[in-house]
Amino acid sequence: MTTTKITLEDCRAMDARDPLAKLREQFDLPSDVIYLDGNSLGAMPKSSLSRAQEVITKEWGVGLIRSWNTAGWFDMPRKLGDKLARLVGAKDNEVVVTDTTSTNLFKVMAAALRMQKDKAPKRRVIVSERNNFPTDLYITQGLMDMLSSLGSADYELSLVDGAEGLQAALTEDVAVVLLTHVNYQTGYMYDMADFTAKAHKVGAVTIWDLCHSAGAVPIDLNGANADYAIGCTYKYLNGGPGSPAFLWVNAKHQETFWQPLSGWWGHARPFAMEPQYDPHQGVKRYLCGTQAITSLALVENGLDTFADTNMQELRTKSLAMTTLFIDLVNQECAGFPLTLNTPLDTKYRGSQVGFEHPHGFAVVQALIERGVIPDYREPKIMRFGFTPLYIGFEEVWNAVAVLKDILETKSWDQPKFHQRGTVT
């Protein structure tokens, strides 16, 4: 935190020195919006529109079914996986882009539990955070219920609070540790290598959810010796609303990976139309059914926006922006009931900042009406996501200025800002 008063000129000077400022030109963003919600839905790359038109009018419209071969549709999950792999510390043929995060978690959780049952059948505990992203907990609970109802095994989901609780929960009974690398509520970032090593020490395997870190922070899955990872492409990777997710499995598990959703795309010879399932020997065994090609194609446009930079450069700018935002809120909004819930230590901070406010939802709605777009998460959390590809430092200043005005005037306290829609 700084003790010197920050000025608008300071922020403009930071923009002038920013080597990544030119990357914003690749995105189609409204001129009257400060978009601080890339941690929920990334901005649209300008190239996405023409790519969507190409897929629909040419590849589908003219190529028709021939495009499975001529346009490379069939191999797209693996091809995109190789491109994404460079951003998460994986190698070629280790990642596929496919399905949803929830579906992919079901696959890897089922595979991890089966692997552990074969090796150590008495391990029945799955450890995760109480404030992990809910779908991760729901999928785990659903799988546990299914296994129990089939008489296979009774598992226990142990929910802990924070890194200290996790450490205490790592016992010889643990089969799987399921963690989101960057916590969606707080922005706390785990030391992946450290916690993977701790899990392995007690014989557990790890599943890492990278939804709030892929494309935002440096990740080294292989360097950390992680076991499994899943994540989405529509946040920091800018693949578009509902764009397909991704799945990674450590090479040491790849050929023994058990696919619980043994659909025909994961078959070794899908067009042989054989009645017996025979898994593909490689990354394609993680696939299930026919892919959503239009949305899958747009993932590449998002991934291509990283071509002119690297994750370390992005990390440097991300930390500069989040630190600036925290310092400016402390400077400009002192005296208001704001509580920072994001780590000050940059080693443990992702690319988002969360502040709690008693009326956080209404404040966020007032910000959105003024053209500053963050989002809200229970309980009382105003989340501000900072995407280095398209956010500048002057925008950080302007966002805090709007927040200050809303808090000073209490303009958030209007009935329309308290009305909740389906999506918050």
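Contact order normalised by length for region 28-124, with contacts defined as Cα pairs under 8 Å and 6 or more residues apart; what percent is it?
13
What does the charge dipole of region 1-110 about its Cα centre add up to, to the nearest 20 debye, if the Cβ of each Lys and Arg holds +1 and the Cβ of each Asp and Glu holds -1?
For this selection, approximately 300 debye.
Largest first and in whole Å, what are the equivalent-ellipsoid semi-axes of region 119-249 based on the Cα gyration tensor, each being the root of 5 times an eigenvalue?
The three semi-axes for region 119-249 are 24, 18, 14 Å.
May I ask for log10 I(q)/I(0) of region 301-361 at q = 0.19, 0.21, 0.28 Å⁻¹, from a Debye sum over the Cα atoms as equal point scatterers with solvent left out?
Ignoring solvent entirely, the Cα scatterers give -0.78, -0.87, -1.19.
Send over the per residue convex hull volume for region 323-424, Cα only, as a whole number of Å³.
Per residue, the Cα convex hull of region 323-424 comes to 103 Å³.
Using only the Cα atoms of region 3-49, what semi-axes does the equivalent ellipsoid have when each is the square root of 5 times a gyration tensor eigenvalue? Give whole Å, largest first.
26, 14, 9
Rounded to the nearest 0.05, what FRET efficiency do Ser411 and Thr4 give with R0 = 30 Å and r taken as the Cβ-Cβ distance? Could you check?
In this case the efficiency is close to 0.50.
Which of the listed residues, Met115, Leu150, Ala168, is farthest toward the dipole's positive end in region 68-189, when Lys, Arg count +1 and Asp, Glu count -1 at the beta-carbon?
Working it through, the farthest residue towards the positive pole turns out to be Met115.
Given the DSSP H assignment, sum -39500 (n - 2.57) over each helix run of at least 4 residues in the chain and divide by its residue total; what's the result at 222 nm in deg cm²/dmol, nearest 500?
Helices in the chain give a 222 nm mean residue ellipticity of -11000 deg cm²/dmol.
How long is region 180-296 along each principal axis, judged by its Cα atoms, biggest number first, in Å?
Result, largest extent first: 47, 37, 19 Å.
What is the Cα radius of gyration of region 239-285 over 2.2 N^0.38 Å, N being its residue count?
1.32
Over its Cα atoms, what ratio of radius of gyration to 2.2 N^0.38 Å does region 257-353 give?
The reported ratio for this selection is 1.83.
Would you please state the base-10 log of I(q)/I(0) at q = 0.15, 0.17, 0.26, 0.27 1/Å for region 187-237, with intensities from the Debye formula using one equal scatterer on every alpha carbon?
The Cα Debye sum returns log10 ratios of -0.40, -0.50, -1.03, -1.09.
Pairing the Cα long axis of helix 360-369 with the longest principal axis of the chain, what angle in degrees results, from 0 to 90 and rounded to the nearest 10?
80
With no solvent and one equal point scatterer placed on each C-alpha of region 49-138, evaluate the Debye formula and give log10 I(q)/I(0) for q = 0.14 Å⁻¹, two decimals.
Results for region 49-138 at q = 0.14 Å⁻¹ read -0.77.
For helix 101-119, report the angle its Cα long axis makes with the longest principal axis of the Cα atoms of the chain; keep it between 0 and 90° and round to the nearest 10°.
50
Nearest 0.05, what FRET efficiency do Ser148 and Lys119 give at R0 = 30 Å with Cβ-Cβ as r?
FRET efficiency, Ser148 to Lys119: 0.90.
Roughly what % of Cα-Cα distances in the chain sit above 29 Å, to the whole percent?
48
Could you tell me which of the pairs Lys119/Lys284; Lys83/Lys252; Lys317/Lys404; Lys317/Lys410; Lys79/Lys107; Lys58/Lys252 are separated by over 30 angstrom between their Cα atoms in the structure shown?
Those over the limit are Lys317/Lys410; Lys58/Lys252.
Taking the Cα centre of the chain as origin and charging only Cβ (+1 Lys, Arg; -1 Asp, Glu), how large is the dipole, in debye to the nearest 20?
I would put it at about 720 debye.
Taking all protein chains as present, what is the carbon and sulfur share of the accessible area of region 306-413, in % to the nearest whole number, probe 1.4 Å?
51
Relative contact order of the chain: what whole-number percent is it, with Cα pairs under 8 angstrom and at least 6 residues apart?
Relative contact order of the chain: 22 percent.
Ordered by packing density, taken as the mean number of other Cβ atoms within 10 Å over each peptide's residues, highest first, how do 56-64, 389-397 rank?
Answer by packing, highest mean first, reads 389-397, 56-64.
In whole Hz, what ³J(HN,Hα) sequence does region 310-315 give by Karplus (6.51, -1.76, 1.60; θ = phi - 60°), x for Gly and Pro?
Those phi angles translate into 9, 5, 6, 5, 5, 5 Hz.
Per 5 Å bin, what is the whole-percent P(r) computed from every C-alpha pair distance within region 64-103?
Whole-percent P(r) values from 0 Å outward: 6, 24, 21, 20, 16, 9, 3, 0.
Roll a 1.4 Å probe over the protein chains and send me the accessible area per residue for the chain in Å².
Using a 1.4 Å probe on heavy atoms only, each residue of the chain averages 43 Å².
Once the cut-off is 14 Å, how many percent of the Cα-Cα pairs in region 125-171 end up in the long-distance tail?
51
Carbon and sulfur atoms: what percent of the 1.4 Å accessible area of region 92-139 do they account for?
Answer for region 92-139: carbon and sulfur cover 55 percent of the accessible area.
The values are calculated or read from the model by the stated rules, or taken from the named source; none is laboratory data. Note that the structure is predicted; figures quoted are calculated from it, not measured. Cβ atoms come from the backbone with ideal geometry, glycine included; neighbour counts cover every protein chain shown. The accessibility values were calculated without ligands, DNA or RNA, using every heavy atom of the protein model including side chains. Shrake-Rupley method; radii C 1.70, N 1.55, O 1.52, S 1.80 Å.
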